[in-house]
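Remarks on the structure that follows.
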Amino acid sequence: MWAKWISGVFHPLVMPLATLVLVFALDPYLQALPEVFMYMGVVVLVNTLAPAVSIWVLHRRGYLSDLDIRNRKERALPFIIVLAYFIMTYALLVLSPALYIPLVYLDMWMGLMASIGLALLITRWFKISMHMLAQGGVLGTVMAVQAMQLVPAWTLNGVLVFIAGWVGFARIHMGVHR
């Protein structure tokens with residue numbers, strides 16, 4: 001039960017939203033421009049809900065045997081759908097005339113898309129853990145913002161590494177990655 005709870009709380013679709021909140025806490029630029037944070041927050045929230053609903057619909061229609069997408073052969077379509085949502089979001093962020101989104105955050109979104117694209121390729125041959133990929137993305141993004149601001153947050157980094165280990169252990173305990 002605990003493993004399923006950990007796996008759900010730190011689900012890959014929730015991690016971009018969690019990352020944005022952490023980045024907001026670390027970046028004085030975003031704190032000074034809350035409208036940028038709010039805009040990015042809405043965009044990320046949509047990118048949390050839309051893929052979740054899409055995956056649920058795929059499951060309900062029988063394209064996925066379970067919501068954890070344990071079968072490696074079933075993973076390509078959800079990956080493509082999530083990647084498509086993220087590409088559309090990137091286009092919205094780049095083309096938005098209303099707000100200036102700093103290049104560093106656009107680059108981070110590009111990194112997110114690249115990691116999903118690579119995971120899509122890798123999953124053809126090996127089952128890659130999206131939960132762990134998401135944990136690495138959170139830690140990498142938070143550390144990048146710390147490097148930009150020249151303000152390390154060692155305790156936060158330690159907590160994020162601990163959470164990543166906890167999530168990995170939970171996934172193994174659930175028997176999802178054998």
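Only the coordinates and a few stated rules stand behind these numbers; no lab work does. Quantities reported herein were computed from a predicted structural model and do not represent experimental measurements. We place every Cβ from the backbone using ideal geometry, glycine too, and count neighbours over all the protein chains shown.
Taken about its Cα centre, region 2-173 carries a charge dipole of roughly 780 debye when the Cβ of each Lys and Arg holds +1 and the Cβ of each Asp and Glu holds -1. The label-point distance for ALA76 and GLN31, in a model that sets each label 7 Å from Cα toward Cβ, rounds to 4.7 nm. Projecting the Cα positions of GLY158, PHE169, VAL142 onto the charge dipole of the chain (unit charges on Cβ atoms of Lys, Arg, Asp and Glu, taken about the Cα centre) puts PHE169 furthest along the positive direction. For the chain, complete DSSP H runs whose alpha carbons reach 24 Å or more along their own long axis and whose mean Kyte-Doolittle score is 1.0 or higher are 34-60, 76-95, 103-122, 154-173.
Structural descriptor for the chain: relative contact order 33 percent, calculated from alpha carbon pairs under 8 angstrom and at least 6 residues apart.
What you get for region 17-95, charging only the Cβ of Lys and Arg (+1) and of Asp and Glu (-1), is a dipole of about 460 debye around the Cα centre. Remark on region 1-91: ratio of C-alpha radius of gyration to 2.2 N^0.38 Å is 1.25. With all pairs of different C-alpha atoms in the average, the Kirkwood value for the hydrodynamic radius of the chain is 17.0 Å. Based on DSSP H segments of at least four residues, each scored -39500 (n - 2.57), the chain has a per-residue ellipticity at 222 nm of -24500 deg cm²/dmol.
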